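**Student:** Below you will find the structure I want to go over with you.
The values are calculated or read from the model by the stated rules, or taken from the named source; none is laboratory data. Everything numeric here is computed off the predicted structure, so don't read it as measured data. Positions of Cβ are generated from backbone atoms using ideal geometry, with glycine treated the same way; all protein chains shown enter the neighbour counts.
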Amino acid sequence: MLVSSMGKLAIHGGQPLRQRPFPPWPVSGARERELLDQVLASDQWGGGSELVSRFEELFAQLHDCAHGVAAANGTLALEMALEAAGIGKGDEVIVPAHSFVSTASAVSRVGALPVFVDIERDSYNLDPAQLDQAVRPSTKAMIVVHFGGVMAAMDRVQEAAARLHLTLFEDAAHAHGAEWNGRRAGSLGLAGAFSFQNSKPMTAGEGGILVSNDQEIAARARSLANCGRRPEQGWFHHFAPASNYRLGGLQAAVLLAQLERLPEQIRLRTNNAELLLKALSVPGIRFQAVPDAASSVTFYLLVGRIDADLFGMDRNQLLVALNAEGIPCRSFYPHPLYANPLYQELPCRTEPCPAAEKACQDSFWLPQRLLMGSEEDTLDIARAIEKIYQTAKPRKNKKKSGRGTAGVTRNGSPG
Ligand SMILES: *Cc1c(COP(=O)(O)O)cnc(C)c1O
């Protein structure tokens, strides 16, 4: 027990456990301003800025890739990857049923058919065991999402992709700097797409990038992002009816500074996540499994779920109580992607997805900034959950043996 006397819950008029705010997100400093000044002093504020190419190079390098093509956002980076690989009408693309809409809408926007496949209950990532039965002759590709910054089971994913002749793409919008067995996110498929939207582990407010080790994919993506131009062929020479997806120089300046901070921020979140998981000892709460092979995890989200019988409260009640105690915490996607009005209208194919359905009912996430404070800030999260548990009325027997029941073990089996 972290505190002996917890008192009345804030939802019942008691004192909130925590009054101080958690650290803000996003964060910036002198380095962002210095690089912004460089761009402002130059005559290239747009996609032609030298800082854009410098950022593309550094970001790709950090993700074990030879090529980086910056874009206005992560959604477009996904679309570029699919289109550059020639995915389109008549093709099916497997996507996890539980993700942000862009993973699927990018498939629809290039004219292909999204096939929704279930996630694993414990990892929240695409379940490779479902792939064999999901594949049809027209299934050409799959997109894995590294949810919350824990990479998908890439050994099994890559094995299945090779065996089933699927082109593999990574939606790495949560996974800047994440690793699987020492290999960086974005380098394990044909191409990877990252987002620099406001909430993501690195941000310029908006932004995205495609990374790849395939020279041809990168060249096609660059042309798609740049009005159908080709290198060395002149500004007013266009070879495809492409759009303009370019990232600007001012954004690249901010992103270069954000990239310098990324390793330290990942270290901080990892340390705090480990501290939190060790400290928390209530039944009925589990966190996303982190396999040994996930050698770097961004902790963009700390994903948890609640067993209402064991804890004595359901997910929505827990969220209200936690927020009242001063722990800002959010519920999951309200439904799997196929339940969006969009896919009631648009063609798609849906495999059975019981784990994705369940996750939308019983899971919650703690945003990254909650893991970016001091040890005391972090322990407040555990204290608040314990305080709430003390007043909850589990339907199953309240056992006091509890230590470690909430944690995640490094071997992938949640404790
Ligand atoms: C944020 C996000 C995207 C899209 O990125 P934008 O930059 O917002 O377009 C794609 N996939 C996932 C899983 C995301 O979380």
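**Student:** Applying the selection to segment 34-54, what residues are assigned to a helix (DSSP H, G or I) and either surrounded by 13 or more Cβ atoms within 10 Å (Cβ to Cβ) or at pLDDT below 95 (or both)?
**Tutor:** 35, 36, 38, 39, 50, 51, 52, 53, 54
**Student:** State whether one or more residues within segment 124-135 are within 16 Å of the ligand (Cβ to nearest atom) and not aromatic (Phe, Trp, Tyr).
**Tutor:** Yes, that holds for at least one residue.
**Student:** Taking segment 178-187 as the search range and keeping residues that are more than 16 Å from the ligand (Cβ to nearest atom) and part of a loop (DSSP other than H, G, I, E, B), which one is nearest to residue 294 (Cα to Cα)?
**Tutor:** 181
**Student:** Still on this structure, I have one more. For a quick check of your reading: which strands (runs of 3 or more DSSP E) sit entirely within segment 62-177 and have at least 3 residues that are surrounded by fewer than 24 Cβ atoms within 10 Å (Cβ to Cβ) and more than 18 Å from the chain's Cα centre (by Cα)?
**Tutor:** none
**Student:** Tally time: how many residues in segment 194-236 are surrounded by 15 or more Cβ atoms within 10 Å (Cβ to Cβ), assigned to a helix (DSSP H, G or I) and away from the ligand (no atom under 16 Å from the Cβ)?
**Tutor:** Qualifying residue count for the region: 6.
**Student:** Show the residue pairs that are 6+ apart or on different chains and have beta-carbon atoms under 8 Å apart, the first residue being within segment 171-197 and within 19 Å of residue 160 (Cβ to Cβ), the second being aromatic (Phe, Trp, Tyr) and more than 9 Å from the ligand (Cβ to nearest atom).
**Tutor:** Every condition considered, the pairs that remain are 188/180; 189/169; 190/169; 191/169; 192/169.
**Student:** With respect to residue 349, determine if the residue is surrounded by fewer than 18 Cβ atoms within 10 Å (Cβ to Cβ) and among the basic types (Lys, Arg).
**Tutor:** So residue 349 fits the description; yes.
**Student:** Return only the number of the condition from (1) closer than 23 Å to residue 216 by Cβ; (2) within 12 Å of the ligand (Cβ to nearest atom) that residue 57 does not satisfy.
**Tutor:** (2)
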